[in-house]
Amino acid sequence: MSKLGNLGARLHRGEIGYDFVKNRKIWYGLSILITITAIVGLAVRGLNMGIEFQGGAVFTTPKNVSVSVSQAEEYAETASGHDAIVQKLGDGSLRIQVAGIETDKANQIKAQLSDDLKVDAEQINAELVGPSWGEQIANKAWQGLGIFLFLVVIYLAIAFEWRMALAAFVALIHDITITVGIYALVGFEVTPGTVIGLLTILGYSLYDTVVVFDSLKEQTKDLTKQTRWTYSDVANRSINSTLVRSINTTVVALLPVAGLLFIGGGVLGAGMLNDISLSLFVGLAAGAYSSIFIATPLVADLKEREPQMKALKKRVLAKRAQAAAKGETGVQGDDEVYADEPEDAAPAVVGPRNQPASRSRGRGRPSGKRR
């Protein structure tokens with residue numbers, strides 16, 4: 001078995017693990033800091049909305065244009081009086097995008113570009129986009145996002161419980177805010193492809209969260225009937241038991257997206273890939289983070305506020321203190337304190353603990369050897 005597979009097996013059995021819930025304030029603070037940074041970037045710089053949302057014109061030159069991208073950008077801004085985005089396509093032609101111009105001005109810009117680029121005006125293809133069409137796209141995107149979030153909350157409340165639905169909703173808002181904020185900070189263009197990528201990563205983030213929640217729901221059945229583990233202990237076990245799976249699926253998903261973003265968009269200069277690849281890359285990473293460090297610890301926080309869970313925690317801590325006291329006096333405290341409970345009353349606790357293997361020895365005999 002590989003080292004990673006062995007690690008996953010040990011995590012699943014509860015032999016090792018990390019206490020995510022105990023350190024939840026660190027994750028909350030880190031998430032708040034990142035979210036505030038994203039909101040500040042969004043407020044200060046704003047989003048670079050694509051032509052589909054603002055309206056404008058897209059001019060595509062023939063293949064034999066010899067000017068550079070920067071020179072063509074200067075020509076386009078001079079001709080239009082607006083900021084222009086120029087991209088070199090794979091066949092050598094240039095895609096010149098000018099947002100926020102009136103439709104009747106497009107012909108003037110086309111004629112001026114024809115003179116500056118020294119090509120026939122008929123060889124320059126012009127596509128016009130009205131601002132009303134972009135507004136419809138934006139409205140549809142907001143409606144789709146709202147419907148998606150509403151259905152997610154309803155589904156999780158029915159399939160699990162309202163606390164898990166609330167935690168998943170907070171995690172999704174967290175992912176959306178960070179992704180949008182990154183777009184504002186780096187200045188990448190927001191296009192319909194960005195919206196598609198955003199909705200895609202929300203589904204992925206939800207999948208990761210539901211996997212942990214399903215494990216948590218299964219392992220907390222009849223939890224109050226025992227006094228070995230608190231809800232937070234079981235929440236930690238659920239995170240750790242699915243941790244390697246979450247890491248594997250996230251890495252596998254990020255590799256092709258990273259190829260699109262850094263190789264396709266960066267090295268090869270295919271800037272049209274940036275709009276969707278950035279949202280996928282940031283969103284997948286943020287979704288994996290939120291499902292582990294935000295959603296499940298938040299559920300544990302909410303559940304520990306319930307009276308029955310408070311009472312359970314009090315009983316568990318009292319039992320552990322009793323076992324520790326007996327251990328200090330040289331008595332086999334853990335065995336005696338929990339003798340009235342089945343060993344599988346709840347999942348194994350995360351972190352080092354007395355292994356149940358000691359119970360295989362004969363009770364009352366110091367060595368456990370058969371006589």
Carbon plus sulfur, as percent of the 1.4 Å-probe accessible area of the range 134-210, comes to 77 percent
Once phi for every residue in the range 302-318 is put through the Karplus expression 6.51 cos²θ - 1.76 cosθ + 1.60 (θ = phi - 60°), the whole-Hz ³J(HN,Hα) values, with Gly and Pro written as x, are 5, 5, 5, 7, 5, x, 5, 6, 5, 5, 4, 4, 5, 5, 4, 5, 5
Rounded to whole Å², per residue accessible area for the range 148-209 with a 1.4 Å probe reads 39 Å²
Once Lys and Arg are counted +1 and Asp and Glu -1 for all other residues with Cβ under 12 Å from that of Leu202, the total becomes -2
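All other residues with a Cβ under 12 Å from the Cβ of Ile96 taken together, and with Lys, Arg as +1 and Asp, Glu as -1, what is their net charge? Let's see the in-between values first.
Details: positive: Lys88, Arg95, Lys110; negative: Glu73, Glu74, Glu77, Asp83, Asp116, Glu127.
Net of charged neighbours comes to -3.
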For the range 146-272, the charge dipole (Cβ of Lys, Arg +1; Cβ of Asp, Glu -1; about the Cα centre) points to a positive end, and the Cα of Phe188, Thr249, Tyr231 closest to that extreme belongs to Tyr231
Given unit charges at Cβ for Lys, Arg (+) and Asp, Glu (-), the dipole magnitude of the range 147-245 about its Cα centre in debye, nearest 20, is 360 debye
One quarter of the C-alpha convex hull surface, i.e. the mean projected area of the range 54-162 in nm², amounts to 9.4 nm²
HN-Hα couplings for the range 199-216 via Karplus (6.51, -1.76, 1.60; θ = phi - 60°), in whole Hz with x for Gly/Pro, come out as 5, 5, 5, 5, x, 5, 4, 5, 4, 4, 5, 5, 4, 5, 5, 5, 5, 5
Over 21 Å (Cα to Cα) among Lys88/Lys110; Lys88/Lys118; Lys25/Lys217 -> Lys25/Lys217
For the range 41-109, the dipole about the Cα centre with charges only on Cβ (Lys and Arg +1, Asp and Glu -1), to the nearest 20 debye, works out at 180 debye
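Going by the alpha-carbon gyration tensor, a ≥ b ≥ c the square roots of its eigenvalues, is the range 119-185 rounded (a/c under 1.5) or, if a/c is not under 1.5, prolate (a/b greater than b/c) versus oblate? Please list the in-between numbers first.
Details: a/c = 4.76, a/b = 2.69, b/c = 1.77.
Because a/c hits 1.5 or more and a/b exceeds b/c, the range 119-185 counts as prolate.
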The answer for trypsin sites (Lys or Arg not before Pro) in the range 200-266 that fall in a DSSP coil and have at most 13 neighbouring Cβ atoms within 10 Å is Lys221
Once the mean of 1/r over all distinct C-alpha pairs in the range 188-249 is inverted, the Kirkwood radius in Å reads 13.8 Å
Descending accessible area (1.4 Å probe), largest on the left, turns Trp142, Trp229 into Trp142, Trp229
Share of Cα-Cα pairs in the range 138-286 beyond 17 Å, whole percent, is 66 percent
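The values are calculated or read from the model by the stated rules, or taken from the named source; none is laboratory data. Only a predicted model underlies this, so the values are computations on that prediction, with no experimental measurement involved. Note that we place each Cβ from the backbone using ideal geometry, even for glycine, and neighbour counts take in every protein chain shown. The area values use the complete protein model at the heavy-atom level, side chains included, leaving out ligands, DNA and RNA. Shrake-Rupley method; radii C 1.70, N 1.55, O 1.52, S 1.80 Å.
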